[in-house]
């Protein structure tokens with residue numbers, strides 16, 4: 001978040017309920033610094049075989065802890081690993097959420113270095129892309145994992161993409177056709 005602040009960029013953070021419960025001060029900081037918040041489930045388990053009740057509980061439990069910590073009611077939902085059946089997507093829509101995936105994965109969880117990540121994104125980005133970054137985790141875990149390279153990427157990536165005319169916006173700004181200045 002320090003690098004986003006330095007770059008004067010707002011982002012959308014899809015939060016895990018377990019992480020918000022563990023680190024409510026971080027969730028509050030995200031909101032207090034003007035970033036947007038989405039729901040990424042409570043536990044980050046794959047949802048493919050959940051019953052409707054289990055799916056609702058997973059999302060509602062995350063929503064409750066996010067609201068409790070930040071005062072924010074989320075509008076957007078991102079399923080872990082993008083695994084979601086059409087039936088689940090419909091159920092999530094009935095719960096009042098818009099499902100948001102990504103179009104360009106930074107692969108920061110794979111332990112690539114910052115130079116590789118920046119070059120990969122600059123080479124592959126297209127207008128309207130939603131970039132995926134992570135705040136923790138690795139190939140096999142949602143906890144731990146070094147985000148040192150992710151942090152190194154942020155400011156340099158913003159500079160390079162702004163030089164090419166790209167603007168950084170939150171999900172709601174993207175969906176509403178606004179730029180990061182609300183214009």
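Just a few scattered comments:
- Residues satisfying the stated conditions in segment 1-31, i.e. within 28 Å of residue 92 (Cα to Cα) and part of a loop (DSSP other than H, G, I, E, B): 10, 11, 16, 23
- Those residues of segment 99-131 which are assigned to a helix (DSSP H, G or I), in contact (Cβ under 8 Å) with a residue 24 or more places away in the chain and surrounded by fewer than 15 Cβ atoms within 10 Å (Cβ to Cβ), in sequence order: 110
- Residue 96 vs. criteria assigned to a loop (DSSP other than H, G, I, E, B) and touching a helix residue (DSSP H, G or I) at 6+ places or on another chain (Cβ under 7 Å): no
- All told, residue 34 falls short of being in contact with a strand residue (DSSP E or B) (Cβ under 7 Å, 6 or more places away or on another chain) and either free of Cβ contacts under 8 Å to residues at least 24 places away in the same chain or not in a helix (DSSP H, G or I) (or both).
- In segment 78-90, residue surrounded by the fewest Cβ atoms within 10 Å (Cβ to Cβ) [restricted to those that are closer than 22 Å to residue 20 by Cα and in contact (Cβ under 8 Å) with a residue 40 or more places away in the chain]: 80
- The one condition in (1) farther than 16 Å from residue 38 by Cβ; (2) at pLDDT 90 or above; (3) in a loop (DSSP other than H, G, I, E, B) that residue 88 fails to fulfil: (3)
- When residues in segment 51-84 are screened for being part of a loop (DSSP other than H, G, I, E, B), in contact with a helix residue (DSSP H, G or I) (Cβ under 9 Å, 6 or more places away or on another chain) and farther than 18 Å from residue 37 by Cα, 1 of them pass.
The values are calculated or read from the model by the stated rules, or taken from the named source; none is laboratory data. Nothing here was measured: the structure is a model prediction, and the numbers come from that model. As a convention, Cβ positions derive from the backbone with ideal geometry for all residues, glycine included, and neighbour counts pool all protein chains shown.
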